[in-house]
Structure formats: structure tokens, C-alpha cells
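Enquirer: Please find one structure pasted underneath; my questions will follow.
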Amino acid sequence: MATNVTDQEPVLVLNDKKYIVSELEPQAQYCVGQLNFIQNNINQSQEELDRHQMAYVGFQTKLIELVESDTEDSAEAE
């Protein structure tokens, strides 16, 4: 499902058919609005997940540096 905006009105593409959103029944327009809202939330959640995954990798890399550095320092002291 996609909503395209033409020069005049938003158009819904559903199952390879085009519908002018303003010509749909009010309940159908409501569903289109909810789907757009949900898709925006999904996109925001994906971006947040990407940030968390990047932060996880950063902390993991830092931890590896710290642990391996401590191991090397201990080996040198012996």
C-alpha cells in the first residue's frame, strides 16, 4: 500500500489500483490515515533500533579494547 501525492490530491495505490483518497468512504480514509501513522512509527522505530545497534557495537568494541588491554598489561608485568 502506498499513498502518492499528485499535483492535486493524494492517491492511494492498493493492489495495483489507484484511488483518490478524498473520494473514499470516511472509514477508508481513516484507515489510510492510520496506516500512514503506523508506517511512520515503524520507520521511527527502525531508526531507533539502528541507533541502539550501533551503540551496542560501540560499547562492545570498547569493552574488547579494555579487556584485551588489561590482559596484555598483566602478561607484560609477569
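The values are calculated or read from the model by the stated rules, or taken from the named source; none is laboratory data. No experiment lies behind these values; they were computed from the predicted model shown. Counting neighbours? That spans all protein chains shown, and the Cβs are built from the backbone with ideal geometry, glycine included. Note: areas computed on protein heavy atoms with side chains; ligands, DNA, RNA excluded. Shrake-Rupley method; radii C 1.70, N 1.55, O 1.52, S 1.80 Å.
Enquirer: From zero up to wherever the largest Cα-Cα distance of the chain sits, split into 10 Å bins and tell me the percent of pairs in each.
Expert: Values per bin, smallest distances first: 16, 26, 15, 13, 11, 9, 7, 3, 0.
Enquirer: With a probe of 1.4 Å, find how much accessible area the chain has per residue, and write the answer as a whole number in Å².
Expert: The answer is 89 Å² per residue.
Enquirer: Taking the Cα centre as origin and putting +1 on Lys and Arg beta-carbons and -1 on Asp and Glu beta-carbons, what dipole magnitude results for the chain, to the nearest 20 debye?
Expert: Value, rounded to 20: 840 debye.
Enquirer: Over the chain, with every protein chain in place, what whole percent of the accessible area is carbon and sulfur at 1.4 Å, could you tell me?
Expert: Carbon and sulfur atoms account for 54 percent of the accessible area of the chain.
Enquirer: As a test of the formula, what do you get for the chain when each DSSP H run with n ≥ 4 contributes -39,500 (n - 2.57) and the sum is divided by the residue count, at 222 nm and rounded to the nearest 500 deg cm²/dmol?
Expert: -25000 deg cm²/dmol
Enquirer: Using the Cα centre of region 36-78 as origin and beta-carbon charges of +1 (Lys, Arg) and -1 (Asp, Glu), tell me which of LEU49, PHE37, ILE64 is placed farthest towards the positive end of the dipole.
Expert: PHE37
Enquirer: By the scheme Lys and Arg +1, Asp and Glu -1, what is the net charge of all other residues having a beta-carbon under 13 Å from that of TYR19?
Expert: Numbers: positive: LYS17, LYS18; negative: GLU9, ASP16, GLU23, GLU25.
Summing Lys/Arg as +1 and Asp/Glu as -1 gives -2.
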